[in-house]
Amino acid sequence: MPSIHVKRGVFLPLLEGEEELIRKSVSGVLQEYEAAQENLIPILLQVQEMLGYLPGPAMEQIAAALKIPAVDVYGLATFYNQFRLHPPGKHQLKVCMGTACYMVGGRIALECFERRLGIKEGETTPGREFSLERVACVGCCTMAPVVVVDEQVEGKVTPTRVDGILLSFEKPAAPGAEAAGQKGEDAS
Amino acid sequence: MNGNAAAAVRERYRKLEADAAARIKAIYNGPVIRVGTATCGIAAGALPVKEAFARVVEEKGLPAKIIDVGCMGHCYAEPLVIISKPGFPSLCYGYLDEDLAARLVDDFLINDDPCYEFALVALEPNDVFPTFSDFPRGVYEQKIVLEHCGFIDPGDIDHYIARGGYGALAAALGKAPAGVLDTVKESHLRGRGGAGFPAGLKWEAAVKAGPGEKYVICNADEGDPGAFMDRGILESCPHQVIEGMLLCAYAVGAERGYFYIRAEYPLAVERVRRALEQAREKGLLGGAILGSGFNCELEIFQGSGAFVCGEATALVRSMEGKMGIPATRPPRLAQSGYRGRPTVLNNVKTFAYVPPIFNRGVEWFKSIGTDDNPGTAVFSLVGKVAHTGLVEVPMGTTLRQLIFEVGEGPANGKAFKAAQIGGPSGGCLPEAALDIPIDFDSLQEAGAIMGSGGLVVLDEDDCMVAIARYFLEFTQQESCGKCTFCRLGTKHMLDILTRITEGCGEPGDLEILEELAEDVRDGSLCNLGATAPNPVLTTLRYFRDEYEAHIFEKRCPALMCKELIVYYIEPQKCSKLCNVCVGSCPTEAIYTRDDGLKAIDQEKCVKCDNCLKTCPPDYNAVIKLSPPGLLTEKEGKKA
């Protein structure tokens with residue numbers, strides 16, 4: 001079990017066999033880089049790209065390899081917005097909080113997702129089905145408020161649309177939900 | 001470098017240019033469809049449009065070529081395409097969808113009907129259709145940095161070379177580095193990252209730091225919400241920035257440089273990476289550039305999302321694998337920067353100005369803009385404005401011209417309220433301040449800053465207290481925590497603003513805010529803290545009455561602050577037969593009364609704005625009331 005605690009509560013428990021996967025992935029990435037602190041950010045970015053997030057054991061392993069305290073790695077991972085300590089859900093919901101989106105109801109959309117999913121932004125539902133994040137401007141200000149569902153940009157997201165988005169995942173037969181439903185099946 | 005070597009470099013470049021020009025000319029011998037696929041275009045649906053073109057062109061067996069281009073700046077009309085067909089002017093079409101794509105192929109490419117009813121603008125002067133300069137926007141716009149953006153394929157270096165790209169580098173390599181530095185100094189080019197520090201002086205300081213290893217860094221850590229100029233440039237014309245960096249490296253004697261790009265900009269990273277590869281293949285990057293004795297290698301470093309890393313010393317620390325915390329200056333980066341060596345760090349736009357200055361001369365550059373601020377200003381114009389997008393106007397243009405002529409004013413006939421300029425470090429300027437010219441110094445006097453160029457237009461529906469709170473929340477979260485006032489002062493200010501927007505403001509709050517703002521400004525090491533109070537100070541200066549309405553009347557004049565408004569259905573307007581609002585309510589707060597009219601159960605209402613949006617325009621029965629006390633008055637009348 002990881003010993004590092006994150007901002008909101010502790011890590012979600014690791015899945016079966018995940019620890020082995022983490023160890024392997026991190027070792028692979030570490031081989032590509034010289035063990036210098038200068039490479040810490042590129043290493044973390046690449047590990048996150050492979051695993052989807054930065055689990056505690058990964059950060060500890062990287063710290064040991066670079067011969068720096070684990071807290072330095074954790075400090076970096078929490079300093080920069082790009083790094084996430086929670087595993088991504090099967091479906092990733094990113095609510096844009098750029099100026100334009102904020103002014104026309106981005107917060108309302110975020111609150112709707114929080115209410116429906118029972119999690120706060122930055123968290124993942126216990127079954128790792130959905131993860132909810134706020135992101136800085138995604139550059140689609142003309143379609144505000146914007147939510148990025150998996151890779152798909154949804155514009156003008158009203159509370160009813162929030163329900164619609166979540167509903168489309170419940171019924172895989174519904175149009176448009178198929179591709180999203182198939183994606184990342186092996187994540188659980 | 002002796003004369004022979006310089007001639008060899010020129011000769012080698014001439015051959016590159018001739019080959020590229022021939023190749024591009026061959027492409028444009030047939031019909032060409034250019035699809036805008038920068039991030040803004042893709043979000044608006046450019047990829048399905050591109051696929052539709054490809055599909056129809058293949059079905060009909062046409063010789064048309066389909067090319068990816070970047071952002072032309074007219075983001076409001078995305079997805080955009082430009083169709084060039086020999087015998088016709090190149091025409092730009094906006095608001096494309098798959099059906100229109102198929103129709104354009106049929107009517108224009110096959111049947112010679114250019115469908116003028118769908119065309120926005122023609123690129124070349126002609127007798128049949130207006131060009132950019134025939135529109136009010138074209139009168140004000142002058143493109144230096146965005147000159148090629150949206151017209152060339154960022155993934156194919158030949159497009160840039162065929163337009164004379166890398167010519168400035170080839171010419172400069174024939175001169176001594178000191179000559180290159182002198183040109184930049186004479187041009188009075190000011191850094192476009194926000195502070196406006198003269199680029200030539202920065203470069204000179206790095207030269208004076210003596211021989212040895214030096215670095216050039218391009219700051220593309222564009223973190224302001226509402227700003228996307230750097231992203232647009234890197235996605236649309238990366239080679240111009242690369243050429244500018246190489247000129248800088250040559251002038252200061254650096255052999256290595258880095259692009260510091262936000263990891264949130266994956267497409268920009270990909271396009272710059274590809275551009276670097278192609279430049280390397282052509283001998284424009286790496287060892288012995290164009291056969292000269294100049295070596296320079298450029299790499300990409302992905303930033304990981306920390307607003308404070310836009311600050312030079314913090315950026316360098318983050319490249320060294322540490323937390324991005326600013327350090328005291330001096331020493332300036334030009335003396336001791338990355339890895340303790342002299343480092344020149346400039347913004348994307350600053351580097352992009354350098355090649356045109358060399359191509360067209362210092363005098364030309366100085367003839368644009370004002371005496372102290374030569375050149376142009378690039379803005380991302382967003383918010384409640386009709387024509388959002390990337391715009392480039394000469395320095396000295398007024399904000400009024402920019403917003404009302406170029407951007408065509410607020411959308412939907414709403415009244416203009418304020419222009420938020422400079423992102424979280426900038427300020428909100430009211431209508432009365434719109435006649436000040438855009439340049440580094442005038443904006444600062446008005447309380448805002450030029451910043452890197454984010455410009456958000458706000459209208460009557462936007463609450464100035466809420467917008468000040470939004471920006472302060474942003475800086476508060478992004479504060480690195482080094483300086484006490486920035487870390488705690490902004491937190492206290494945020495708490496006060498939150499209280500005010502929630503209707504719990506008290507007399508005296510505004511005075512405390514002003515006092516804290518001064519302390520935060522004076523007690524912070526870097527500009528993140530020093531400018532963090534700007535949004536609050538400018539809104540207090542120009543919109544104090546809104547703050548006072550929140551505090552003393554518990555009323556939000558813009559009807560935006562949730563705690564200070566209630567939703568209400570006007571009985572005289574409500575149609576008994578329509579049930580739209582009932583269905584739209586996520587919390588079942590709307591019910592049908594015994595008389596058939598709809599009403600809102602205030603206990604259940606979460607103020608999501610859905611009923612107001614869905615109520616048909618024929619009725620417009622749902623309204624917002626502020627302060628909430630008005631509700632009893634209304635309901636009293638009804639009963």
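The values are calculated or read from the model by the stated rules, or taken from the named source; none is laboratory data. Everything numeric in this text was worked out from a predicted model, so none of it was measured. Please note: Cβ atoms are built from the backbone with ideal geometry, for glycine as well, and neighbour counts cover all protein chains shown. These area figures cover heavy atoms from the full protein model, side chains too; ligands, DNA and RNA do not enter into them. Shrake-Rupley method; radii C 1.70, N 1.55, O 1.52, S 1.80 Å.
Just one of the listed residues (B:TYR619, B:TYR591) is in contact with a Lys or Arg (Cβ under 8 Å, 6 or more places away or on another chain), open to solvent by 50 Å² or more (accessible area, probe 1.4 Å), away from chain A (no Cβ under 14 Å) and part of a loop (DSSP other than H, G, I, E, B), namely B:TYR619. Taken together, B:GLU264, B:GLU270 contain a single residue that is surrounded by fewer than 24 Cβ atoms within 10 Å (Cβ to Cβ), in contact (Cβ under 8 Å) with a residue 24 or more places away in the chain and of a type in the set (Asp, Glu), which is B:GLU264. Mind listing whichever residues of segment B:386-410 are assigned to a strand (DSSP E or B) and open to solvent by less than 10 Å² (accessible area, probe 1.4 Å)? Once the filter is applied, which keeps residues that are assigned to a strand (DSSP E or B) and open to solvent by less than 10 Å² (accessible area, probe 1.4 Å), segment B:386-410 yields B:GLY389, B:LEU390, B:VAL391, B:GLU392, B:VAL393.
For (1) outside any loop (DSSP other than H, G, I, E, B); (2) without any contact (Cβ under 8 Å) to a residue 12 or more places away in the chain; (3) aromatic (Phe, Trp, Tyr); (4) not assigned by TED's automatic domain parsing to the domain that holds B:GLY232, each residue gets a yes or a no:
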{"residue": "B:ALA22", "(1), (2), (3), (4)": "yes, yes, no, yes"}
{"residue": "B:ALA26", "(1), (2), (3), (4)": "yes, yes, no, yes"}
{"residue": "B:GLY41", "(1), (2), (3), (4)": "yes, no, no, yes"}
{"residue": "B:VAL56", "(1), (2), (3), (4)": "yes, no, no, yes"}
{"residue": "B:PRO63", "(1), (2), (3), (4)": "no, no, no, yes"}
{"residue": "B:LEU104", "(1), (2), (3), (4)": "yes, no, no, yes"}
{"residue": "B:PHE108", "(1), (2), (3), (4)": "yes, no, yes, yes"}
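How about segment A:85-106: which of its residues are within 14 Å of chain B (Cβ to nearest Cβ), open to solvent by 40 Å² or more (accessible area, probe 1.4 Å) and at pLDDT 85 or above? Selection gives A:LYS94 alone. Entry remark, segment B:281-296: residues being open to solvent by 40 Å² or more (accessible area, probe 1.4 Å) and out of contact with any Leu (no Cβ under 7 Å at 6 or more places or on another chain) number 6 in total.
Okay, residues lined up against (1) more than 27 Å from the chain's Cα centre (by Cα); (2) among the charged types (D, E, K, R); (3) under 25 Å from B:GLU58 (Cα atoms):
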{"residue": "B:ASP113", "(1), (2), (3)": "yes, yes, yes"}
{"residue": "B:TYR116", "(1), (2), (3)": "yes, no, yes"}
{"residue": "B:ALA122", "(1), (2), (3)": "no, no, no"}
{"residue": "B:ASN126", "(1), (2), (3)": "yes, no, no"}
{"residue": "B:ARG137", "(1), (2), (3)": "no, yes, no"}
{"residue": "B:VAL145", "(1), (2), (3)": "no, no, no"}
{"residue": "B:CYS149", "(1), (2), (3)": "no, no, no"}
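Checked against the criterion of being part of a strand (DSSP E or B) and surrounded by fewer than 17 Cβ atoms within 10 Å (Cβ to Cβ), segment B:552-562 contains not a single residue that satisfies it. Out of curiosity, is A:VAL47 aliphatic (A, V, I, L, M) and either open to solvent by 40 Å² or more (accessible area, probe 1.4 Å) or modelled with pLDDT under 90 (or both)? So A:VAL47 does not fit the description; no. Just one residue in the set B:ASP106, B:ASP112, B:ASP97 is of a type outside the set (A, V, I, L, M), open to solvent by 20 Å² or more (accessible area, probe 1.4 Å) and on the phi > 0 side of the Ramachandran plot; that residue is B:ASP112. Within segment B:66-81, can one find any residue that is assigned to a loop (DSSP other than H, G, I, E, B), among the aromatic types (Phe, Trp, Tyr) and surrounded by 15 or more Cβ atoms within 10 Å (Cβ to Cβ)? No, segment B:66-81 contains no residue that is assigned to a loop (DSSP other than H, G, I, E, B), among the aromatic types (Phe, Trp, Tyr) and surrounded by 15 or more Cβ atoms within 10 Å (Cβ to Cβ). Taken over segment B:568-588, the criterion of being open to solvent by less than 60 Å² (accessible area, probe 1.4 Å) and of a type in the set (Val, Ile, Thr) is satisfied by B:ILE569, B:VAL582, B:THR587.
Would you confirm whether or not segment A:63-74 contains a residue that is within 8 Å of chain B (Cβ to nearest Cβ) and in a helix (DSSP H, G or I)? The answer is no; no qualifying residue exists. Every test in (1) touching a Leu at 6+ places or on another chain (Cβ under 8 Å); (2) modelled with pLDDT of 90 or more is passed by B:ARG487 save one, and that test is (1). Taking B:GLU511 as the residue in question, decide whether it is closer than 20 Å to B:PHE543 by Cβ and part of a helix (DSSP H, G or I). Yes. Listed here are the helices (runs of 4 or more DSSP H) enclosed by segment B:117-198 that have at least 1 residues being more than 26 Å from B:ARG12 (Cα to Cα): B:136-140, B:177-186.
Candidates in segment A:123-143 are the residues that are within 12 Å of chain B (Cβ to nearest Cβ) and touching a Ser or Thr at 6+ places or on another chain (Cβ under 9 Å); of these, the one that is surrounded by the most Cβ atoms within 10 Å (Cβ to Cβ) is A:CYS141. Of the residues making up segment A:144-164, those that are at pLDDT 85 or above and either surrounded by fewer than 21 Cβ atoms within 10 Å (Cβ to Cβ) or over 16 Å from A:MET103 (Cβ atoms) (or both) are A:VAL148, A:VAL149, A:ASP150, A:ARG161, A:VAL162, A:ASP163, A:GLY164. Candidates are the residues of segment B:210-221 that are open to solvent by 10 Å² or more (accessible area, probe 1.4 Å) and touching a helix residue (DSSP H, G or I) at 6+ places or on another chain (Cβ under 7 Å); the one that is nearest to B:CYS40 (Cα to Cα) is B:ASP221.
Residue-by-condition table, conditions (1) buried (at least 18 other Cβ atoms within 10 Å of the Cβ); (2) at pLDDT below 90; (3) touching a Pro at 6+ places or on another chain (Cβ under 8 Å); (4) basic (Lys, Arg):
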residue	(1), (2), (3), (4)
B:MET1	no, yes, no, no
B:TYR13	yes, no, no, no
B:ALA18	no, no, no, no
B:ARG34	yes, no, no, yes
B:THR37	yes, no, no, no
B:GLY45	no, yes, yes, no
B:PRO48	no, no, no, no
B:ALA52	yes, no, no, no
B:ARG55	no, no, no, yes
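Does B:CYS605 meet the test of being in contact with a Ser or Thr (Cβ under 8 Å, 6 or more places away or on another chain), within 22 Å of B:ALA418 (Cα to Cα) and either open to solvent by less than 30 Å² (accessible area, probe 1.4 Å) or within 13 Å of another protein chain (Cβ to nearest Cβ) (or both)? Criteria not met by B:CYS605.
Going by what's in this entry, would B:PHE307 be described as within 23 Å of B:GLU235 (Cα to Cα) and open to solvent by 10 Å² or more (accessible area, probe 1.4 Å)? Considered against the rule, which asks whether it is within 23 Å of B:GLU235 (Cα to Cα) and open to solvent by 10 Å² or more (accessible area, probe 1.4 Å), B:PHE307 comes out as yes.
When each of B:LEU247, B:LEU267, B:LEU315 is tested for being assigned to a helix (DSSP H, G or I), within 13 Å of chain A (Cβ to nearest Cβ), under 24 Å from B:SER336 (Cβ atoms) and under 26 Å from the mean Cα position of the chain (by Cα), the lone residue that passes is B:LEU315. The set of residues in segment A:107-122 that are open to solvent by less than 40 Å² (accessible area, probe 1.4 Å) and either of a type in the set (D, E, K, R) or within 19 Å of the chain's Cα centre (by Cα) (or both) comprises A:ALA109, A:LEU110, A:CYS112, A:PHE113, A:GLU114, A:LEU117, A:ILE119, A:GLY122.
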